[in-house]
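K.L.:
Structure provided below as structure tokens; questions to follow.
Read-outs throughout are calculated quantities, based only on the coordinates presented, and are distinct from any laboratory measurement. Predicted model only: the values in this text are computed from it and were never measured. Heads up, the Cβs are rebuilt from the backbone with ideal geometry, glycines too, and the neighbour counts pull from every protein chain shown.
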Amino acid sequence: MTDNKKALAWIEEMKAMLNPDKVVWIDGSDEQINALKKQGIEEGTMIPLDQEKLPGCLLHRTAANDVARVEDRTFICAKTKEEAGPTNNWMDPKEMYAKLTKLFTNSMKGRTMYIIPFIMGPAKSPFSKVGIEITDSIYVVLNMNIMTRMGNIAWEELSEKGDFTKCLHCTADVNPEERYIVQFPEDNTIWSINSAYGGNVLLGKKCFALRIASFLGKNEGWMAEHMLILGLQNPKGDIKYVSAAFPSACGKTNLAMLIPPKELEGYKVWTVGDDIAWLRVGPDGRLWAINPEAGFFGVAPGTSSKTNKNALLTTMSNTIFTNVALRDDNTVWWEGHDDETPAHCLDWQGREWTSDSAEKAAHPNSRFTAPAKQCPCISSEFENPAGVPISAIIFGGRRAKTAPLVYQSFDWNHGVFIGSTMASETTAAAAGAVGVVRRDPMAMKPFIGYNVGDYFAHWIEMGKKISNPPKIFNTNWFRKSDDGKFLWPGFGDNMRVLLWILDRCEGKADAVESPIGYLPKREDLITDGLDISDADWEELLKVDKEVWLDEVRQIKELYAGFDRLPAELAEQLKALEARLNK
Ligand code: OXD
Ligand code: MN
């Protein structure tokens, strides 16, 4: 336990409001975790899987109305609406506390209150932060045990750090009308009620490690970003690190765990993180990164040994599956799994399902929660409290025509501009029309805990503090030909692009200057084993002036919606337009 007075007082205050029947302090011991797994199984919230094929694995189903993050019910309750900015829902914090206090009062009557101390980041790292999550859900405790370093180790960290993020969650009755995921940045506090789904209730992840952390980072001079971190080892054994931000459905987890094609024998990718990076300027003037999480909360459908063998292997033990299908032999299945479609199984809601059903067996947003340490390509630096030095930052999106396969920004501020305009075209995987351009600056739109304009300004300020900054790139694995075919094979072959990026960082690769940035020539990439025609190469690396002038028009529209856009970015836009018109 802890003798931290602030923590004890907060816990007492919450307990008085929640009025639980029982209080359990989570110590993180195997004994306690195993007892909670057993209790979850007895209560029916956790379903044991075949313990020979999937040792330590469990299945959980959430309510049908509670299967994803809910952005329209997520609030940043800064002091003023302007501080929250145009990309966030806002309510006056006093009003929101009053509203939620009513919902939380006596909400744990007849239930158990679990107190979970946790660390985001490796123990004893200058990057790391402590949180305490109060919850009534065993599912949350078991997931937090995978996704964070939790239990007594966090009380030790708290005695050094002194401060912590206050995280409160109650499942209540999972009423979508009264569902609230609320950040109070100035109070370092998160309140979440009426959901039991991952991103809404594992408060260390999006709520803390992105929304609250981005706010803390702005005030303390560091950055919390929605980025994977990977190390790329060359045949000589040297490893260089890159971080990368992509909107959803762009293969971020796959890139983080990439397996190079056979033509690139001797190269290897090491995973440091698949979702979130905390970045600080190191004593050497470089940007250093840690992954604040301890596990992967990945989308199951589409994960196979072809698309991401390392992710699949990571989930073979000690994993919690949420909303996947349950086969008759007590193993799991999802659309895009290696194994063929089962003739019969239980679908994600536990209903009888047969292969002629028109509905999906697994929910499209079904997930695995798996310990990062089980990943076959986990980096040896994963637990390094100092983090890893970042050579390149990559932004990306899914664009059929606009962006070429890869290009490099002219400098830091131009890179910030590229990140601020990030976009992706919708796929059939999401509801709504296909091919619509959605802007998602730095893939952070739903996760910036303050005004988006101030967030861009913080990026620009950070650039001034990093004497040896990473170079910034943009990639697009999804360029299409006029007849709608993907021009680039993607997956493992993306390694070829990563190698050009690293060579650029070391001044080893050539490039041509274009109005949008530096582009590789085809001969600058390792192309052995690729079957791409000359015409397709031209298309892959093309910058079409008319398409880009339309892009400029769209960016003007985007920027018009930002009340605090830094002048530097307005200048970048003007300069791009001028270069295109030259
Ligand atoms: C995630 C997300 O779950 O970005 O990582 O939605
Ligand atoms: Mn994410």
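K.L.:
Based on other C-beta atoms within 10 Å, arrange Tyr559, Tyr455, Tyr114 from fewest to most.
P.N.:
Ordered from fewest to most neighbouring Cβ atoms within 10 Å, Tyr559, Tyr455, Tyr114 come out as Tyr559, Tyr114, Tyr455.
K.L.:
Among Asp284, Asp347, Asp536, what is the fewest-to-most ranking by other Cβ atoms within 10 Å?
P.N.:
On the way: Asp284 9, Asp347 21, Asp536 16.
Exposure proxy ranking, most exposed first: Asp284, Asp536, Asp347.
K.L.:
Excluding the sites themselves, what is the longest stretch of the chain that contains no GluC sites (Glu not before Pro) in a DSSP loop with at most 13 other C-beta atoms within 10 Å?
P.N.:
Formally, the longest exposed-site-free interval is 53-264.
K.L.:
Find the Rg to Rh ratio for the range 442-582, where Rh is the Kirkwood radius over alpha-carbon pairs and Rg uses the same atoms.
P.N.:
0.99
K.L.:
While we're looking at this one, here's another question. May I ask you to derive the relative contact order of the range 221-360, considering only C-alpha pairs under 8 Å and at least 6 residues apart, and to give it as an integer percent?
P.N.:
So the answer I get is 18 percent.
K.L.:
Expressed in nm to one decimal, what extension gain is obtained for the pair Asp72 and Asn19 from 0.36 nm per residue of sequence separation less their Cα-Cα distance?
P.N.:
Contour length minus the Cα-Cα distance gives 16.2 nm.
K.L.:
In nanometres, what is the gap between the two model label sites at Val436 and Thr354, each 7 Å from Cα along Cα-to-Cβ?
P.N.:
3.7
K.L.:
Percent of Cα-Cα pairs more than 16 Å apart in the range 443-495, please.
P.N.:
Distances greater than 16 Å cover 66 percent of the Cα pairs.
K.L.:
So, one more: Among the trypsin sites (Lys or Arg not before Pro) in the range 118-193, which ones are in a DSSP loop with at most 16 other Cβ atoms within 10 Å of the Cβ? Mind listing them?
P.N.:
Values: sites: Lys124, Lys129, Arg149, Lys161, Lys166, Arg179; in loops: Lys124, Arg179.
Those that pass, being in a loop and sparsely packed, are Lys124.
K.L.:
So, one more: Determine the percent antiparallel among the DSSP beta bridges restricted to the chain, to the nearest 5.
P.N.:
If we restrict to bridges inside the chain, about 65 percent are antiparallel.
K.L.:
How big is D for the chain, in µm² s⁻¹ as a whole number, if Stokes-Einstein is applied with the Kirkwood radius of its Cα pairs at 10 °C and 1.306 mPa s?
P.N.:
D, rounded to a whole number, is 65 µm²/s.
K.L.:
Taking 0.36 nm per intervening residue step and subtracting the Cα-Cα distance, what contour gain separates Ala35 from Asp482 on full extension?
P.N.:
On the way: separation 447, 0.36 × 447 = 160.92 nm, distance 5.80 nm.
My answer for the length gained is 155.1 nm.
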